[in-house]
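Comments concern the structure below.
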């Protein structure tokens, strides 16, 4: 095995307990949401995808040949809305259009087509994900309406396919504003069923929402350590269009978590955060890059953040590896990769 991969597996194997640790809801008085609110959950053991059954679809994870409905048009009409962070107004134009089937010769991209299982199994990098719980946080603020929401759906489809393949417990998905969430999701049908129920609205308070999830995990981690137990490390994937309204809270939350991990002498891979930017805002890119590149030296804490722009269908295989692993494997975080098109080895 190459030295780089040996290093990766060595650093990722400090905590390999297979017991599931999931972010639990807790209250935050300063937040616009309540972490202990009643949420609607999809459970992998009980949920199904009635729409897919009615259409006679097979499990898309088991076949690449099945014609899938295109969900690009399900949640976004394609027009841009102003970034009205203080508005919770619903779309005056009514609900989004229904699914449309992908037809032969259509110029619509089939965002629901999963990556082939063969390709995943052949890629040894993704095997690292078996040691981690994968949690995806999707920005559903008003600024995401339109093209950004389409990109978010595309990004979610790609990372969820890989995450659910290698996280044996299934993945967890949360949103910034919506009370909808899913735990232990293991199929594309479950992920899409969840995503289609959410419409962008509200502000971009990423710092408060991520802080809630991080603190829940750290509290569970502390309790497990006191009891002499170990829990799986966690890999957060945050899909957002960029600069939040509580940027100082976001920075402080990340630094506080990194400091607690250092003080507790936890493995360097215990917590990772990958910021996946949709859209092309240069201001947002600069802010997210600053979180990636400067917090370690500025605050003298461990580096737990990576940032990767998302380029949709043009995304290279190496860039997808970086998205999935950059937050938990420092060498991948620091390695420059070709983000578009075909790529060389990471």
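Since every read-out is calculated from the coordinates, none of them should be taken as a lab result. Bear in mind the structure is a predicted one, so any value in this text is a computation, not a measurement.
Could you list, bin by bin from short to long, the percent of Cα-Cα pairs of the range 227-279 in 10 Å steps?
Here the calculated profile for the range 227-279 is 20, 46, 26, 7, 0.
Would you mind giving the average projected area, over all directions, of the Cα convex hull of the range 203-346 in nm² with one decimal?
8.7 nm²
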